[in-house]
Every structure is written in structure tokens, then in C-alpha cells.
1. Within 10 Å, count the other beta carbons around each residue, average over each peptide in 646-654, 121-129, and list them highest first.
2. Express in whole angstrom the spacing between the alpha-carbon centres of the stretch 210-289 and the stretch 586-655.
3. Going by how many other beta carbons lie within 10 Å of each one, how would you line up 306, 517, fewest first?
4. Taking Cα atoms of the chain, Rg/Rh with Kirkwood Rh, to two decimals?
5. Quick one: compute the contact order of the chain, relative version, from alpha carbon pairs under 8 angstrom and 6+ residues apart, as a percent.
6. Hey, what number do you get for the chain at 222 nm if only DSSP H runs of n ≥ 4 count, each worth -39500 (n - 2.57), divided across all residues, to the nearest 500?
7. For the Cα atoms of the chain, what angle does the longest principal axis make with the long axis of helix 18-28, in degrees from 0 to 90, nearest 10?
8. From the Cα gyration tensor of the stretch 425-569, with a ≥ b ≥ c the square roots of its eigenvalues, which class applies: rounded if a/c is under 1.5, or else prolate if a/b is larger than b/c, or else oblate?
Ligand code: ZN
Ligand code: ZN
Ligand code: FE
């Protein structure tokens, strides 16, 4: 006897080939019925013998299409109706319900084969895609995810494409961006002034120009890239000059895994990241003798490498024969990535020699994601294309909260129920363009998730753009969350921890509850509250932001605590490459320190790294964020010294432990006087800071009986620090939790803010 069941499936089930998959599965099980997209996911009705229905349901859950993620399946019996065959019904929207928008997916192997097959009708077509691959998030206007709600609405399918789209047995059945050379988007090459070039074949002409050393702006999935042949050092240098990007490393796109293996060390986790459909930039150790010129990533032992992910990228490599292309975000140094054709010509004027554009609008700005492997595990550094908007699943349901994130590397987070949606990397809130991008992202996430929370979480820093934005929203409850508490809770949330944990949070700076700039913190953290158990000693940051750009000032700040003016002048090393610091400057900055003028106090760990890098003679000044700290880590990697510099621990009555670096500074000066080289100094510092933090964790455990430690904050991008502290803590019996899916830096901050606010809302 036949039965009929309704199956509601929630999760990432739209735009991932779910309906055709179910269609084929239903046919295989000889079931009648239908499937339809709803705003909640998909709804399936199937009818047939009970055994066949059970089989269908089991296979639905055990073998979903590759990109789908099933979050929940609800099954109920309904009355049988006369029914024959299986149908795919058109989408209907159910208000007050919601579904996921899928992330963008790198071109699949089947499409790639067709792309390079001279007899295929899509031979060399740069926009080939299917249900298993292609643009998604970046072309979405609204939900449900269907062609009219994407920027493909502008293109009318030709009869051949329409037939594929309508054929349930076809790989392109209901592939929303389906297109071909007859009916779909086209590429065009523009000159530096945005005039259309009469190139017979824009792709071949682009290749010719890249081979000639030109910089070509290439419109991609989530924005423009600036492309240049990575093997031509002069061309890369020209790109640096024009982009005002002095030394910050570029990532390179390489044609294949084999090509990647020639220039970087690729282990098993790295291989999985490189070939995964998210296709992020993977930062890996550079191989000795790799042919990529030094100017691509000066002074760095690592290199960001990624594989082609659009058909256009594949064409450039297949026909251009490049070993590697620098593919960097098409933007001015700190602005958001450019997405529009006119916008590109205007904003990239003076940088690009030509523009390879197309007419499929990018609706969502989305940078390349950046990941790495550290302490043996994959870690997301910048979460954007391919990862967004896949949610973080939470340990327990939360009320709706919007978190505005931090000032740098901003992301926002919309948490509701058992999931938290982090936005793509929005970036540094330094200019109007990024403020607009922020507004766009807030709007988009509230729209596609169909929720407008009346609670907004933000940082405590009164001058952060997202904080001011939150406070300006009418009719909402604004909850300020301390920066390092948010980092700690982000790590707890990612690891599904509840209760209270020890959290070691190390970063540049975040606003403290005492109005000072924190950043070397050991907290006892819970969802709704925290206590500061220990911190690095406060030192002045002479000149405020200037101290970030000039690490020698931080060196002086630490020196000034234990040495006279003349001794300080003698103690600062002489730096390579005209990086020198004049005695007059030293005396001037020393005065700022002594008088406490424009010298805010900080317990920042990032600034301590800067100071040590400067004291070790590595850098007096930097041209991009964390450059001195990275130089210090690179130096440490050249040494296997086991010695560890000492720190003192002091505990003012009833207060938090203070981690006092005076003995460290003295030891560095002594080592330098003895001629110990910078690599050993750097290594001894890394060993020392890991040892003292593990010791502090032990002291906090004595007081609290807590045995779980979360590691968070941007300093943990330092692989050496992460690995050695994790090892030291584990050796002492701690359970250690770190970030993997969510950035440890401020890109993960909004998640922590959202969860803290949710705890406060629930308890009030
Ligand atoms: Zn495909
Ligand atoms: Zn077509
Ligand atoms: Fe931070």
C-alpha cells in the first residue's frame, strides 16, 4: 500500500542542485510527488511504497549533492492523492521563513572539460557553469535564490540553454546562472581610459598584454583583480608603485596544484585547501629556489598561492602559459574592492593599463578568502568568497542580534536561532567607500535572512565607525562589548564551549574597560561577563598611531622604563636600509614618554612584538600592518635556540597579574651586547612569551580550577607563537581551543560580540 509524506529540508539546499538531485533520487526510488523551493528551504512530497520512501529518505540524507548542507529534515505523513511521476514546482515564497543563499563555487571539472573542448558549444566561453559550480552569493539580489533574483535576470536563455535548464536529467537543470556564448554575458577589453578596444578576441589580447608586462584589471566573481605576470619583476614593481603598496605581500594564482608545489611546500591539509571549491588564497611556506621573484613578497618566508576559480582564469592560464600571475584586489590601498565597470575605470585609473570587463553585474562585493595551515590545522585568516554566507552553527539557539564588528578588518554578524552568519570581509573602516560597503552588507544580511534584530552589539571604543553607527540606529538596544571579551567568546562559540574558560587574547589594541588600550590579556571569560586575570604591563605608546607605524618608538617606550636618556640613545640599534633613527628624534620621543604627552598607555602584545623587532635591529618603521611582528617571526623561524627570555609576574593586591617585561628587555640588550644574532633573539622572545603565558594560565587555574584555555586575537596569526603556546599549555594538561573557521583577528570579532549580546539579552 502506498503512503505519502511531506519532507521539509532546511539548510543550504537552494542553488546547489538540490531539486534536480531529489528529482533523480525520486525517479530511482520510483516515487511520485514533487519538490519546491520555499523560503524555509525545500519542501518535498513523495508517494509510493513505505519501504521505497524510507530508502529515499535515507539516501537524501546520506548522499546530498556536494555543495548542499542539510541542517534539518522534518517528515510528516500526509494523505495519499492520485499522483504519477515526479515534478519540480516553481518557487513560492513563504513569509516569515528563510533560507540560505549559497556561496560562490569554483568552476567544476565537468565544466572545465567542456570549456577546453573545441567541439563543445561552450568552448572557450568564460561564463560556463552548472548546478555544481559558478557564481552564487555575488550575483544574488534577493531570496529565494532563483534566476530573476540574480544579476542573470538581465540575460534571456536561448532555446538550447533553456532546454538544459528544463531537463531534470541535465547537469544544468535549474542552474540559475546557466548561459552560453549565444545568450549569456560577454567579455570586452577596454583601454586605460575605458574606451572599448576593437580586439578580435579580448581574452587573447589580454594574454598578449600580460605577457608584455602590462597590468590588466580583470573583472572576476566578487570584484576586480589587478593582474600582472608574477615572473616579471619589473612589472610587479610597477604594480607596487602605482598601487602605493610598498612591501605588503602579493598573492599569486598558479595554473595547477603541480605548479603550486614548485613554489611552496604543500602538505595534505594545504592540498585540500588549494583544490577545495572555495578556492581561497592559501598562505604556505615558500620553497627554496622557487622562481617567484622576491618583489612579490619581500622578506617573507611564506607566499599566498591560489588556483584558478573562474573559467576566465583557466583560459588565461591555458592559453597564456603563465607560471604565475599576481592577482591582487582591484582597489586603492585600503578601499573596498571595485566591482563595477565604470567604477573600475574611474578608481583604477593610473594603475591598470587595460580592463578586461564583462556584463554580468557583480551585486555583492567579495574579496578572495585567505587561509593558511598553522599548528597542523587549516585556519581562515580572511573569510570572504566561497565561505560566505555559510553560517557558523551555534551550540544553542540565540535571540536575533546584529553585531557591528570592529574598526579594522571589519565583518558584521547576524546571529539568530542556532546559527550565526558572518559577513564577508568588509575591511578597514577608514573611508567613505568602506562605510558604504558596511551599510550595504548590513542591509543585505538583514534582507536575505529576513530578520531585523532590535539588539545591536558593538565595540566599546567610542570612535569606531561601527560603534557610532550602532548608536545612531533608532529604536534598538545597543550593547557595547569589550574587545577582548568578544575575541574570547568568538573562540568559545566556534568551539561550542559553554560556561567559563580561561582566554589568552593577544592583539594590537582594543579599548579596555579602564579606557586604556588593552592587547596582552588573560581573561576568565563567560558568555555574559569576564574578569581580567592578567595583562602585560602598561607602557606608553608615544605618538599614539605613530607608534604603530614606527616600532622604534615602542622599543624606546620599553627602554625608558629602565634606562636614562643617553643610554636609550645608545641602546637603539642601527637599522639596515636607511631606516635610521636620529638621536634628536629619540630625545624628542623620550620627552613625550616622560611627560605623558600624547602617549596613551597600552598593554598591547602586538606593540611588544614591535618593540622587540625594533630592539633586535629588524625594523624601525613599517609600511603595512604587523610588518615588524612578521619580520620577528620570520627571524625566529631561522633559529632553533631553546632558551627563553624571562618575564616577571607581579600581583598588585587584589588585582590582576601583571606580566612585567623588564627582565626581557634587559636580556635582549645583554644578548645584543654579546653579539647574539637577531634570529636567536627573536626565537628566545617567542619561547619566553609562550612560557610566561603558560605559567600565567597555570596560576589562573590554581585560583579558578578552570582547565580550558581559548587562544584568540590577531597575534595568533603568528604560527610560531600559536604552536609553542599551544604545546606548552597542553604539556601542562590544559585543554586548548583555537580558531579554525573564523579568523583569530578582528575579522572574527563580530561573532563574539553577537554571542555576548545574546547572553545579555537572554539574562535580562
Ligand atoms: Zn560546473
Ligand atoms: Zn544559451
Ligand atoms: Fe583585536
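Any read-out appearing in this document is the output of simple, stated calculations on the displayed coordinates, not a laboratory observation. Note that the structure is predicted; figures quoted are calculated from it, not measured. Cβ: placed from backbone, ideal geometry, glycine included. Neighbour counts: every protein chain shown.
1. Working: 646-654: 11.6, 121-129: 21.6.
So the order, starting with the most tightly packed, is 121-129, 646-654.
2. Using only Cα atoms, the two centres lie 32 Å from each other.
3. Working: 306 24, 517 21.
Arranged by neighbour count, lowest to highest, 306, 517 become 517, 306.
4. Numbers: Rg = 27.6 Å, Rh = 27.7 Å.
Rounded to two decimals, Rg/Rh equals 1.00.
5. About 11 percent, as a whole number.
6. On the way: 23 runs with 251 residues, N = 764.
Rounded to the nearest 500, the figure is -10000 deg cm²/dmol.
7. For 18-28 against the chain, the angle is about 50 degrees.
8. On the way: a/c = 2.73, a/b = 1.57, b/c = 1.74.
It comes out oblate by the Cα gyration axes.
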